Amino acid sequence: MANRGKVIPGGLRDVASALDRSVAATPDAEALVSRYRRYGYRELDRAIDGGAAALAALGIGWGDRVAAC
């Protein structure tokens, strides 16, 4: 995930660690399913990294609030 090497607040540390373990163990296993899309763990990790990078490029960081739709 994009926050590797940075301090991860609270329970997010556990989520990030769990995702990292799943990516390493079963990268192509189904991780997230929506009405329109299915993501494997590797693909989900890359999507999260891309979203984090886009937010960082806008100057958004830990503790900043954003709306998601």
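The values are calculated or read from the model by the stated rules, or taken from the named source; none is laboratory data. Quick caveat: nothing in here was measured; it's all calculated off a predicted structure. Reconstructed Cβ throughout: ideal geometry from the backbone, glycine too, with neighbour counts over all protein chains shown. Surface accessibility is based on the protein's heavy atoms, side chains included, excluding ligands, DNA and RNA. Shrake-Rupley method; radii C 1.70, N 1.55, O 1.52, S 1.80 Å.
Worth a mention:
- For Gly40, the residues whose modelled amide H falls within less than 5 Å of its own, excluding neighbours fewer than 5 places apart on the same chain, are Ala31.
- Take the Cα of Asp49, step 7 Å toward its Cβ, do the same at Ala25, and the gap between the two points is 2.1 nm.
- Phi to ³J(HN,Hα) by Karplus 6.51 cos²θ - 1.76 cosθ + 1.60 over region 45-58, Hz, x for Gly, Pro: 4, 5, 5, 5, 4, x, x, 5, 5, 5, 5, 4, 5, 8
- Proximal charge balance of Arg37 [Cβ under 12 Å; K/R count +1, D/E count -1]: 0
- Largest first, the residues Glu43, Glu30 sort by 1.4 Å accessible area into Glu30, Glu43.
- Coil-residue trypsin sites (Lys or Arg not before Pro) of region 35-69, DSSP, other Cβ within 10 Å capped at 15: Arg35, Arg37, Arg65
- Heavy-atom accessible area for Ile48, with the other protein chains in place and a 1.4 Å probe, reaches approximately 60 Å².
- Net charge over other residues, Cβ less than 12 angstrom from the Cβ of Arg21 (K, R count +1; D, E count -1): -3
- Accessible-area rank, largest first, for Val15, Val23: Val15, Val23, with all protein chains present and a 1.4 angstrom probe.
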